[in-house]
Amino acid sequence: MTRLAKFGFIDARRTSHPVRPRARSRGIPRALEGREIFYTDDPAEASQLIGKALSANRLTVTATEGFAASLHGVRLRNVSMLYLDLHVAATVEFPKLGPYYAVHMPMNGRAVCRLGDRTVEANSTHALVTSPGQALTMRFDHDSPQLIMRIEQEALVRFLTRLLGRTVNRPIVFEPEMDLFTDTAVRWNGAIQLLSTEILRPGSLLRRGHGIGSLEELIMSSLLFVQPSNYHEQLVRPAPRPMKRAVRETLDFIEANLREPITMKDIARHVKMSVRAIQQGFRAELGTTPMAYLRDRRLERAREELLDAIPSDGVTVTHIAEHWGFTHLSNFAALYRKRWGESPSQTLRRGS
């Protein structure tokens, strides 16, 4: 199994041993060629498989002649790049979208989309941005394949928390229409192009398991800063609160030194505030302590490394635990199981 074959939503073996289509798929981005997740000419099966990759849905096809649904894609950790092609005109109704954000970018044709009381036409110049829990109806024109960027909700909330330096206490909701040809959209397009290049190029850092987190953060920050949302104003014009600044600087310091033996004195020296003031700021803004936050981030990074691992890496749970500052393996395993409901070794075996 290659690192990018670990798709996560649908049995990854379908990526390595796909059902061979009777008709050749069209217009697949080069980065996703050979990364077929499913192919079917049965609308009922297509609805079921789309449901595994996105959300439960009802798929309606006006004329089944020529219908052939295919999905190509890769998943990193919390960001997935998907290419969905239904070939013919069809309607897909999602009663409730799952815990992810998605940017739908038609590569040809269009899809008229209904989100609540909003109607948005997604086409080659305008993308559709969805948020978790929304009801969505998409009416695809004939020959209207879409490139879809899926970002997991938990990861985006965690990333926004670090950017703001405080708890995100309301769901992030994006404006649904994204103009792909504005000056600000250049950042989004550039991030997608970089991801495509890293997926495509043999021997890239991404394929070797390096820089995945940084690339995902580039995708997430691009979306947060480019696309209007209910948090956009706070990002582009942050309020001048000294305590929030201290918390944000502490978060940045922790993130840059996750592998180091950080103490509260180290943090206070960097932020130039007292230990007590920083702790009070963390309790007020994040409802936790700096050391508890540090432990949680190390657990998250350890999990990411366990999920990324493939048999040829030769990694062990002990090595990863020590790499992220956990010197007592039993304590690490207990904390890990409490957080994710499985042992570190179970996570590692998923790559086998």
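The values are calculated or read from the model by the stated rules, or taken from the named source; none is laboratory data. For clarity, every value in this text was computed on a predicted model and none was experimentally measured. Here the Cβ is made from the backbone with ideal geometry for all residues, glycine too, and neighbour counts use every protein chain on show. Quick note on the areas: whole protein, heavy atoms, side chains included, nothing else; ligands and nucleic acids left out. Shrake-Rupley method; radii C 1.70, N 1.55, O 1.52, S 1.80 Å.
Brief remarks follow.
- Subset of the stretch 77-91 (residues that are outside any loop (DSSP other than H, G, I, E, B) and either outside the structural domain of I212 (by the TED database) or not β-branched (V, I, T) (or both)): S80, M81, L82, Y83, L84, D85, A90
- All positions within the stretch 69-89 that are closer than 25 Å to S196 by Cα and over 19 Å from the mean Cα position of the chain (by Cα): A69, S70, D85, L86, H87
- Residue in the stretch 217-231 that is more than 25 Å from P99 (Cβ to Cβ) and not in a helix (DSSP H, G or I) present: no
- Out of A333, A292, sole residue that is in contact with a helix residue (DSSP H, G or I) (Cβ under 8 Å, 6 or more places away or on another chain) and either assigned to a helix (DSSP H, G or I) or at pLDDT 90 or above (or both): A333
- Taken as a whole, the structure places V74 among residues that are touching a strand residue (DSSP E or B) at 6+ places or on another chain (Cβ under 9 Å), open to solvent by less than 10 Å² (accessible area, probe 1.4 Å), part of a strand (DSSP E or B) and in contact (Cβ under 8 Å) with a residue 24 or more places away in the chain.
- Test: residue in the stretch 229-243 that is over 22 Å from R170 (Cβ atoms) and at pLDDT below 90: yes
- Qualifying residue in the stretch 301-321 (condition: among the charged types (D, E, K, R), outside the structural domain of I212 (by the TED database) and without any contact (Cβ under 8 Å) to a residue 12 or more places away in the chain): no
- Selection from the stretch 137-151 of residues that are touching a Ser or Thr at 6+ places or on another chain (Cβ under 9 Å) and part of a loop (DSSP other than H, G, I, E, B): P145
- Residues (open to solvent by 30 Å² or more (accessible area, probe 1.4 Å), touching a residue at least 24 places away in the same chain (Cβ under 8 Å) and in a strand (DSSP E or B)) located in the stretch 115-136: R118, H126
- Considering only residues in the stretch 200-231 that are under 16 Å from the mean Cα position of the chain (by Cα) and of a type in the set (V, I, T), the one that is farthest from F159 (Cα to Cα) turns out to be I212.
- Residue satisfying all of: in the stretch 311-334; of a type in the set (V, I, T) and surrounded by fewer than 16 Cβ atoms within 10 Å (Cβ to Cβ); farthest from R259 (Cα to Cα) among these: T316
- Scanning the stretch 95-114 for residues that are surrounded by 20 or more Cβ atoms within 10 Å (Cβ to Cβ) and either in contact with a Lys or Arg (Cβ under 6 Å, 6 or more places away or on another chain) or in a strand (DSSP E or B) (or both) turns up Y100, Y101, A102, V103, H104, M105, P106, A111, C113.
- The stretch 149-190, subset within 18 Å of E285 (Cβ to Cβ) and of a type in the set (D, E, K, R), residue surrounded by the most Cβ atoms within 10 Å (Cβ to Cβ): R166
- Residue under evaluation I254, criteria (1) touching a residue at least 40 places away in the same chain (Cβ under 8 Å); (2) open to solvent by 10 Å² or more (accessible area, probe 1.4 Å), criterion not met: (2)
- Condition check for L206 on (1) in a loop (DSSP other than H, G, I, E, B); (2) more than 18 Å from N123 (Cα to Cα); (3) open to solvent by 20 Å² or more (accessible area, probe 1.4 Å): one failure, at (3).
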